[in-house]
Amino acid sequence: MEQHAVEQHGKAEPTGLDIVVTTMASDSHTWNLVFLQLLLEELGHRVTNLGACVPDELLVAECRRIEPDLIVLSSVNGHGFHDGLRVIAALRDCPELARTPTVIGGKLGIAGSGTSARQRALLTAGFDGVFEEGGSVLEFQSFVGSLPAGSSSLPAGSGVLL
């Protein structure tokens, strides 16, 4: 009886998303990435943590290799808005990643929590969600939970402001 249970378990379809978590080239912080990785793994997702100070070219190359269901960019140094605009352009210019759901969050500006204009600019640039510091983790979890595994694309116009 136990052997049958083991065989059935081994044939189970994988659930959850394949997610890449990273900072951008100017951001050397790592605790935010550890938190995100643990949170997402606890929710049943598989996470590749690229770490801190990731050059744009490396981020694009790794995402092309991994083919994630979601890319999560996190910033703590306050340069996330400007870095994010550059990085999302590089991701969207890559045909394989042009429709991969991609979100940005954390401290996106040096003047504190964001303005709706800043958030709209990031969504217009190509992000599917913006989660600024002080926002709800539950809203981020809800966004992630709404994504189908293996789709690697969202319908157009599905951006989230938070």
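Evaluate E = 1/(1 + (r/R0)^6) for Ile110 and Thr30, where r is the Cβ-Cβ distance and R0 equals 22 Å; express this FRET efficiency to the nearest 0.05. Show your work: numbers first, answer last.
Working: r = 20 Å, r/R0 = 0.91.
According to the calculation, E is roughly 0.65.
With all protein chains present and a 1.4 Å probe, how do Ser146, Ser26 order by accessible area, largest first?
On the way: Ser146 80, Ser26 60 Å².
Reading off the accessible areas and sorting them downward yields Ser146, Ser26.
The values are calculated or read from the model by the stated rules, or taken from the named source; none is laboratory data. Computed from a predicted model, the values in this text were never measured in an experiment. With ideal geometry, Cβ positions are generated from the backbone for all residues, glycine too; neighbour counts draw on all protein chains shown. Each accessible area value is taken on the protein alone, full model and side chains, heavy atoms only, with ligands, DNA and RNA left out. Shrake-Rupley method; radii C 1.70, N 1.55, O 1.52, S 1.80 Å.
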